[in-house]
Amino acid sequence: MRHHPKNETLAAFAAGQLDEGRALVVATHVSLCAECRGAVAAFEAVGGEMLNSVEPVAMSDGAREHALALLDREPSPVAPAKPAPRPVWQAEQETLLGYDLGPWRWVSPGLHYRAVKTPEVGGTRVFMLKAVPGLKIPAHAHTGTELTCVLKGAFIHEGGRYAAGDCDDADQDDVHNPMIDEGEVCICLVAMQGNIELTGFFGRMIQPFIRI
Amino acid sequence: MQAVNWQNGLEQGAHPAGLLLKAGKLHDRPAQTDLRVKSPAELARLIEAVAARQDRDAFVALFDHFAPRIKAFLMRSNLPAAAAEELAQEALLTVWRKASQFDRQRAGASSWIFAIARNLRIDSARREMRAKVLDLEANEDSEPPAPPDAELLASEREQRVRAALDHLTDEQRRVVRLSFFDGKAHGDIATELELPLGTVKSRIRLAMNRLRDVLGDLT
Ligand SMILES: [Zn+2]
């Protein structure tokens, strides 16, 4: 894994401050990247420290007794089996666990698009792109932020080569000239922030599918 | 959580985290509470006691320590007091249910409970799906090697986090707290601190890089 989300993105993820679309892309990368799991754990520890140092606000009278009464209604906890690994991206089925996916739709020669249905928050839309090897995507600037996780195959742009698992946490003013690497179809998960009036190259291409 | 407007009413945004950390021992506790400050190792032991024998005294101690903090924490992220209290209750109930999943070698008590409260807050915003994908524990596929002295590790970890926060400048600590743990949008922070947006963003970036450098991956 060569490309990771920025530290501030991982921190926001750990703090629970990313909108769902961006959180999904980060979670997908993190499920594939031990290094970033470590980073998220570190930022969660910062969160724990923040929690410890906050000025407490007293619970109302009887809150503790209420909690104890609730325990009486709890079934005895059974030690759970070690949870099975649950990657967000299921490579075999080319699907995202727990999400409704729209159909693949043709965008332009060699390029397909599929919506990932998440409740829309903060104008972030999530979708998958599938592109054939060698496809050149015209230069485009990011007008909002775009967060991308490669699920399969690879693409190359000014920032380097992005292969399966890599995350492209693009700045607003990055200009990219991506090309799909030879050899294999490339599938990416993208969270794109923008207004109803989507701008940018992908935005213009994809707009017909996400009309509200 | 850019879509939410966060409340500014609750004093603490003004305090650099480091000051709060140092002042932590002086905090008033709710009247019913054991006044001693609990060490990370003690907190971990309490969770383990709940896991091992459904120890209600341990649960009460955890409740008294964490419920008022979770409530405070959630109120700062713009939840009304009643809703924050309800979620704090739910968080402690979750601690009771999931105590056996706690592993002090993987996370400190506070960060484990922080993650529980965070996920409940996300849930409460009807975003169960996101909480599900945030539940990183499920993605761990291998046991970490057991360190020789878990007790030492827990307090070391805590010390490293404090040291990392101490490494930040006051300004950096302040934007970290406002942005990531009070959930303020960058624009609101810029307005509040009378700084350009770009400055706020680069301050956050620098602070997070620095934290990450000092913390390593904490595993
Ligand atoms: Zn990574």
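A few remarks follow.
- Region B:54-67, subset farther than 15 Å from B:ARG97 by Cβ and more than 9 Å from chain A (Cβ to nearest Cβ), residue surrounded by the fewest Cβ atoms within 10 Å (Cβ to Cβ): B:ASP57
- The one condition in (1) modelled with pLDDT of 90 or more; (2) more than 23 Å from B:ALA107 (Cα to Cα) that B:ALA185 fails to fulfil: (1)
- Looking at A:GLY102, A:GLY144, A:GLY110, just one residue is in contact with a strand residue (DSSP E or B) (Cβ under 8 Å, 6 or more places away or on another chain) and either within 16 Å of the ligand (Cβ to nearest atom) or at pLDDT below 80 (or both), and that residue is A:GLY144.
- Flag if A:ALA67 is within 7 Å of chain B (Cβ to nearest Cβ) and within 16 Å of the ligand (Cβ to nearest atom): no
- Restricting A:GLY21, A:GLY38, A:GLY48 to residues that are in contact with a Ser or Thr (Cβ under 6 Å, 6 or more places away or on another chain) and closer than 23 Å to A:PHE127 by Cα narrows the list to A:GLY21.
- Selection status of A:GLU55, within 15 Å of the ligand (Cβ to nearest atom), among the acidic types (Asp, Glu) and at the interface with chain B (Cβ under 7 Å from one of its Cβ atoms): no
- Figure legend. Inter-residue proximity from region A:15-44: first residues on the phi < 0 side of the Ramachandran plot, second residues near the ligand (Cβ under 8 Å from one of its atoms) and β-branched (Val, Ile, Thr), beta-carbon distance below 7 Å, spacing 6+ or different chains. Indicated pairs: A:CYS36/A:VAL30; A:ARG37/A:VAL30; A:VAL40/A:VAL30.
- Pairs meeting the criteria (first residue in region B:147-168 and closer than 14 Å to A:ASN52 by Cα, second residue modelled with pLDDT of 65 or more and of a type in the set (Asp, Glu), beta carbons under 9 Å, at least 6 apart or on different chains) are B:GLU158/A:GLU49; B:VAL161/A:GLU49; B:ARG162/A:GLU49; B:LEU165/A:GLU49.
- Residue in region A:20-36 that is crowded, with 21+ Cβ neighbours inside 10 Å, charged (D, E, K, R), more than 7 Å from every other protein chain (Cβ to nearest Cβ) and within 16 Å of the ligand (Cβ to nearest atom) present: yes
The values are calculated or read from the model by the stated rules, or taken from the named source; none is laboratory data. Here the structure is a predicted model, which means the values were calculated and not measured. Here the Cβ is made from the backbone with ideal geometry for all residues, glycine too, and neighbour counts use every protein chain on show.
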